[in-house]
Amino acid sequence: MTPEALTGGFAAPATEAAHAFRAALEAMARPGTLHRLTGATPPAPLSPAAGALLLTLADTTTPVHLAGTVDCPAVRDWITFHTGAPFAPADQADFAVGDWAALHPLTRFRIGQPDYPDRSATLIVELPTLSATGVTLRGPGIRDTAQLSLPEIAAFRANRALFPLGFDCYFTSGDMLAALPRSTIVEEA
Amino acid sequence: MSDAYNFAYLDEQTKRMIRRAILKGIAVPGYQVPFASREMPMPYGWGTGGVQVTAACLTPDDRLKVIDQGADDTTNAVSIRKFFQRTAGVAVTEATAEATVIQTRHRIPETPLCEGQILVYQVPIPEPLRFLEPRETETRKMHELEEYGLMHVKLYEDIARHGTIATAYAYPVKVEGRYVMDPSPIPKFDNPKLSDNPAIQLFGAGREQRIYALPPYTQVISLDFEDHPFEASKAPHDCDLCGAGDSYLDEVITDDRGSRMYVCSDTDFCAGRRAAGHVGRLGQPGAAE
């Protein structure tokens, strides 16, 4: 373990995690809205927003899957030191982190069981940019419609078709955060 | 604020577990997410579920309001408000519009909520089908299969026996056309406020270990029949203190000869109206405290 892994966590864990959770809650409850998530400085290529999300939600009881370039010793050491989360293959993970291409195929992730739809994965998708433009969203949490720069449409429509099963997504870019729960209907702009 | 406890009483591991349950509840509106409810320094039935959800949501910047049947000044509300003042150091208020987090027992405030607010309900029995089917294995299967006929039979039997749907509180609702949900024992007068609400609504049942949620602008429909449509009923009176004709009323017996008065159950709403000069049948002008 490198000494860098020991740094970059929350300075005041209780209150910073509380602020981070409220941002994560608002993001998930209002799909398409953008939120700033600060306080964590994880090693590259993990973004500060994704790092803060993991610090807030992951612990020894939540297997984490790292996909693509984030699956490197520096990130693994950092997550291990700060959260204690075990690493797991995609089909066992509660949280999966990676860029959109690296997370494919998405059918690997847990979508819950018909009687326990909550037992599903949460994907943390690292995107180069994130903005409230692009595809149209509607559904719970959205008054009329919202816009979000999603990487594609088909995957989210397929996920919506599984409702109430399915995975839920956070999108992170730098310190920006947005979310797309399984309940959201995604349409062409 | 006491330094003897972690911020907002609960340890961080517990808060993470509750936060994960809340997020899954938001993602599947109306579905009851199991969570590992902790023992709290109050008895079950006094809002341990709501307190745990509130503790997981609070930040130091929040302004907390706690109501019990609409009142800010009852034992349950006062003790929970003091609990969070002591363990989280948050600001508190009795004004609905000024609060960012509102924990409630059995009412939705009369003042419309807005974006940025969180309403946390204390829930005794989260399972709407529990009194119809006592087995958890069976009710879980019924939710899985959307098998809600039994609930309609119950409402039908109400009509057969009383001529009308007699369920007056904890009136079952259907969320986004999928899950039937118990809105907690709010009067059915409050049911229309559940739907399309700009605030986040979170439900915590401590003894039963369930959390469920309604994201903002979620469609919530009270179950009914075409020929017996849902009706948000209230006592057919005006508030005797502030004169409001559109608020939910408590009936207060005032002597042993059958005299009674009706007052707003929402104390903040009633006080606000009296401060604005509204006077009811028994109110005195300028008497608002």
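In square nanometres, what is one fourth of the surface area of the convex hull spanned by the alpha carbons of the protein assembly as shown?
Projected over every direction and averaged, the Cα hull of the protein assembly as shown covers 24.4 nm².
Given +1 on the Cβ of Lys and Arg, -1 on the Cβ of Asp and Glu, and no further charges, what dipole in debye does chain B carry about its Cα centre, rounded to the nearest 20?
It comes to approximately 720 debye.
Over region A:3-187, what is the percentage of antiparallel beta bridges among all DSSP beta bridges, to the nearest 5?
Expressed as a percentage, antiparallel bridges in region A:3-187 total about 50.
At 1.4 Å probe size, with every protein chain present, just tell me what the per residue accessible area of the protein assembly as shown comes to in Å².
Result: 40 Å² of accessible area for each residue.
What whole-number distance in Å separates the alpha-carbon centres of region A:158-188 and region B:151-168?
Here the two parts' Cα centres lie 39 Å apart.
Using Cα pairs closer than 8 Å and at least 6 residues apart in sequence, work out the relative contact order for chain A, in percent.
Relative contact order, chain A: 24 percent.
Rounded if a/c is under 1.5, else prolate if a/b is larger than b/c, else oblate: which is chain B, with a ≥ b ≥ c the root eigenvalues of its Cα gyration tensor?
oblate
Please compute the net charge surrounding B:CYS264, taking Lys and Arg as +1 and Asp and Glu as -1 over other residues with Cβ under 11 Å from its Cβ.
Overall, the nearby charge balance is -3.
Under 10 Å, Cα contacts only: if you run a Gaussian network model on chain A, which one of A:PHE109, A:PHE95, A:PHE81 comes out with the highest mean-square fluctuation?
Maximum fluctuation in the GNM of chain A, among the listed residues, is at A:PHE81.
Work out the FRET efficiency for B:ARG161 and B:ALA232 from their Cβ-Cβ distance, taking R0 = 22 Å, and round it to the nearest 0.05.
Calculated transfer efficiency: 0.55.
Under 13 Å from a label point 7 Å along Cα→Cβ of A:ALA12: give me every residue in region A:45-67 with its amide N that close.
none
Under a straight-distance cross-link criterion of Cα-Cα below 28 Å, which lysines are reachable from B:LYS188, leaving out those fewer than 8 residues away in the same chain?
Those lysines meeting the cut-off are B:LYS24, B:LYS65, B:LYS141, B:LYS154, B:LYS174, B:LYS234.
Run through the DSSP bridge list for the protein assembly as shown and note the antiparallel percent, rounded to the nearest 5.
Within the protein assembly as shown, antiparallel bridges account for around 55 percent of the total.
Based on C-alpha coordinates, I'd like the Rg and Dmax of region B:153-241, in Å.
14.4, 42
Can you tell me, using C-alpha contacts under 8 Å and at least 6 residues apart, the relative contact order of chain B as a whole percent?
Value for chain B: 20 percent.
Pick out, from B:GLY30, B:GLY45, B:ALA55, the residue whose Cα sits farthest towards the positive end of the charge dipole of region B:28-96, with +1 on the Cβ of Lys and Arg and -1 on the Cβ of Asp and Glu.
B:ALA55
List the relative contact order of region B:96-248 as a percent without decimals, with contacts defined as Cα pairs under 8 Å and 6+ residues apart.
So the answer I get is 25 percent.
Of A:ALA40, A:VAL135, A:THR107, which is farthest towards the positive pole of chain A's charge dipole, taken about the Cα centre with +1 and -1 on the beta-carbons of Lys, Arg and Asp, Glu respectively?
Final value for the positive-end residue is A:VAL135.
Quote the charge dipole size of region B:234-284 about the Cα centre in Debye, to the nearest 20; the model charges only the Cβ of Lys and Arg (+1) and of Asp and Glu (-1).
My answer is approximately 160 debye.
Report the antiparallel proportion of the DSSP beta bridges in region B:1-141 as a percent, rounded to a multiple of 5.
Taking every DSSP beta bridge within region B:1-141, about 15 percent pair in antiparallel fashion.
Of the candidates B:ARG140, B:ARG178, B:ARG260, which one comes out as most mobile in a Gaussian network treatment of chain B with C-alpha springs shorter than 10 Å?
Taking springs between Cα atoms under 10 Å, the residue moving most is B:ARG260.
What does the charge dipole of the protein assembly as shown about its Cα centre add up to, to the nearest 20 debye, if the Cβ of each Lys and Arg holds +1 and the Cβ of each Asp and Glu holds -1?
Computed charge dipole of the protein assembly as shown: roughly 400 debye.
At R0 = 22 Å, how high is the FRET efficiency between A:ALA154 and A:ALA132 if r is their beta carbon distance? Nearest 0.05 is fine.
So the FRET efficiency works out to roughly 0.55.
Shape call for region A:6-138 from the C-alpha gyration tensor, a ≥ b ≥ c root eigenvalues: rounded (a/c under 1.5), prolate (a/b greater than b/c) or oblate?
Rounded shape, in that the Cα axes give a/c under 1.5.
Hey, if you put +1 on the Cβ of every Lys and Arg and -1 on every Asp and Glu Cβ in region B:234-284, which of B:CYS239, B:TYR262, B:HIS278 ends up farthest toward the positive end of that dipole?
B:HIS278
What's the center-to-center distance, using Cα atoms, between region B:235-269 and region B:94-120 in Å?
Taking the Cα centre of region B:94-120 as reference, the centre of region B:235-269 is 22 Å away.
The values are calculated or read from the model by the stated rules, or taken from the named source; none is laboratory data. Please read all numbers here as calculations on a predicted model, not as lab measurements. Virtual Cβ from ideal backbone geometry, glycine too; neighbours counted across all protein chains shown. Each accessible area value is taken on the protein alone, full model and side chains, heavy atoms only, with ligands, DNA and RNA left out. Shrake-Rupley method; radii C 1.70, N 1.55, O 1.52, S 1.80 Å.
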